[in-house]
1. Is it true that some residue in the stretch 156-167 is among the hydrophobic types (A, V, I, L, M, F, W, C), within 22 Å of the chain's Cα centre (by Cα) and crowded, with 16+ Cβ neighbours inside 10 Å?
2. Would you check if there is a residue in the stretch 157-168 being without any contact (Cβ under 8 Å) to a residue 12 or more places away in the chain and touching a His at 6+ places or on another chain (Cβ under 9 Å)?
3. How many residues are more than 32 Å from the chain's Cα centre (by Cα) and within 16 Å of the ligand (Cβ to nearest atom) if we restrict to the stretch 83-97?
4. What about L208, is it touching a helix residue (DSSP H, G or I) at 6+ places or on another chain (Cβ under 6 Å), within 16 Å of the ligand (Cβ to nearest atom), of a type outside the set (D, E, K, R) and more than 16 Å from V57 (Cβ to Cβ)?
5. Among the candidates S132, S115, which residue alone is small (G, A, S), buried (at least 24 other Cβ atoms within 10 Å of the Cβ) and touching a residue at least 12 places away in the same chain (Cβ under 8 Å)?
6. For A273, all conditions in the list (1) of a type in the set (G, A, S); (2) part of a helix (DSSP H, G or I); (3) touching a helix residue (DSSP H, G or I) at 6+ places or on another chain (Cβ under 6 Å) hold save one; what is the number of the exception?
7. Looking only at the stretch 20-54, which residues are surrounded by fewer than 15 Cβ atoms within 10 Å (Cβ to Cβ) and either outside any helix (DSSP H, G or I) or in contact with a Leu (Cβ under 9 Å, 6 or more places away or on another chain) (or both)?
8. Given the options G69, G104, name the one that is away from the ligand (no atom under 14 Å from the Cβ) and crowded, with 21+ Cβ neighbours inside 10 Å.
Amino acid sequence: MSTSDLSGQKMWGGRFAAQPADAMQAINASIDVDKRLWREDIEGSQAHAAMLAATGVITREDNEAIQRGLEQIAAEIATGVFPFTAELEDIHLNIEARLTERIGEAGKRLHTARSRNDQVATDFKLWVIRASRETGADLRRLQKALVTRADQHADWVMPGFTHLQTAQPITLGHHLLAYVSMFERDRVRLIGAALEAAWECPLGSAALAGTSYPINRDMTAELLGFHAPAANSIDAVASRDFALAALANLSIAATHLSRLAEEVVLWTSAQFAFAQLSDQWSTGSSIMPQKRNPDAAELIRAKAARIGADFVALNAIVQKLPLAYAKDLQEDKALTFAAFDAFSLCVTAMVGMVETMRFDRAALRAAAARGYSTATDLADWLVRELKVPFREAHEITGRIVRRAEAVGVAELGLLGMDDFQAVDPRITEAARALLTVEKSVESRDSYGGTAPQRVREQVERWKEMFA
Ligand code: ARG
């Protein structure tokens, strides 16, 4: 046991004769993790004290001392001189004990009409709201980087895949913009959940039942930027779905990041050779001098898995807890902080890779032409020009692909006219002329399609949205 007057026993020790075991203290302490809530804790305490003074629960003088003391503590923490101690368990008790040490008696009045249960629910909610909004801004940066690259590559042709088999030619700009759409939904989900979290303020719910003091919960809710005080004190201290929602949203966004990372890994391989990462975002091998490894992309895939696991872990923690608060909930912060930290690093790395990756136009085009990627264009010509029903056109084209394979021609557009006409004599030079990858992408100009013109249109739409 410490000799410090800030010891844990000072905060709740009245009931006990003996000290907690060392391991008891170790398993119970969360200060190393939750010290990150210091800003929110001070903000919450300042609002609470101001409200206690406004309602006459504490005096104006006490409130002034508390406000000043908390400001000084904020400065101590910001400058790294605050004496954190594990004996005081968590950030809430560390700050409160320090306040009393600095301002005396008035500090001991701060915890009137409050419990650590509503305090931590409020602090943590404020943190999650802020982090979600910052993450939304991070996603915007990534979207901007992708839109810039899409703009530069609006008409670069590449293979589009289904089942990772060549499907149809697409434009690189179109492919990159697919991720911009995904990240937009991720952003909206994160911001939306933050708005929902900002609806109800837990503060004033006290331990679980509310309080007998004449507090003004509307005032604290408003001071802290919430819409209203939480309508049920039990729910307010027991629930962590605001964090679960954030983690679920984050893990969906991480899944999207991971898919893009997976494509970076594929594209930069010697087998695809669609792109090269810049030196800044490549790593070497200690044995193979030729290597340029996409480690950052690989780590994004792995971190996405961990972010998903953080959601699963918190969900598992919460789902078996009877109402209201239980200490299991203390573990919510480490998971949530880890997920947000990992995500933010992943986005930064992805922005760096996207901004500096070099694409190989010739390799992309050559790959786009392989695999008879314009077969659908021939079928569509048969439908359009000869009024052949699509199913029949599909059959005819299939036979032409088989013939091309048999005679060893890699692209339909290079197949001899006699071969086309051996399968169907109605096929003309006009049909064959359409079977280039450029014509193919140009023709897919339906709204949301891959035609360069449509891609440029979408680039403009995004730029307007970002403005
Ligand atoms: N450090 C605790 C947590 O993060 C604060 C709440 C403690 N409440 C309690 N009843 N022991 O959950």
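The values are calculated or read from the model by the stated rules, or taken from the named source; none is laboratory data. All values reported here derive from a predicted model rather than from experimental measurement. Positions of Cβ are backbone-derived with ideal geometry, glycine not excepted, and every protein chain shown enters the neighbour counts.
1. no
2. Kept after step one, since they are without any contact (Cβ under 8 Å) to a residue 12 or more places away in the chain, are these residues of the stretch 157-168: 161-164.
After this cut, where a residue has to be touching a His at 6+ places or on another chain (Cβ under 9 Å) as well, the list is none.
No; the residues of the stretch 157-168 include none that is without any contact (Cβ under 8 Å) to a residue 12 or more places away in the chain and touching a His at 6+ places or on another chain (Cβ under 9 Å).
3. Looking only at that region, the number is 5.
4. So L208 passes the test.
5. Result: S132 is the single residue among S132, S115 that is small (G, A, S), buried (at least 24 other Cβ atoms within 10 Å of the Cβ) and touching a residue at least 12 places away in the same chain (Cβ under 8 Å).
6. Condition (2) is where A273 drops out.
7. A21
8. G69
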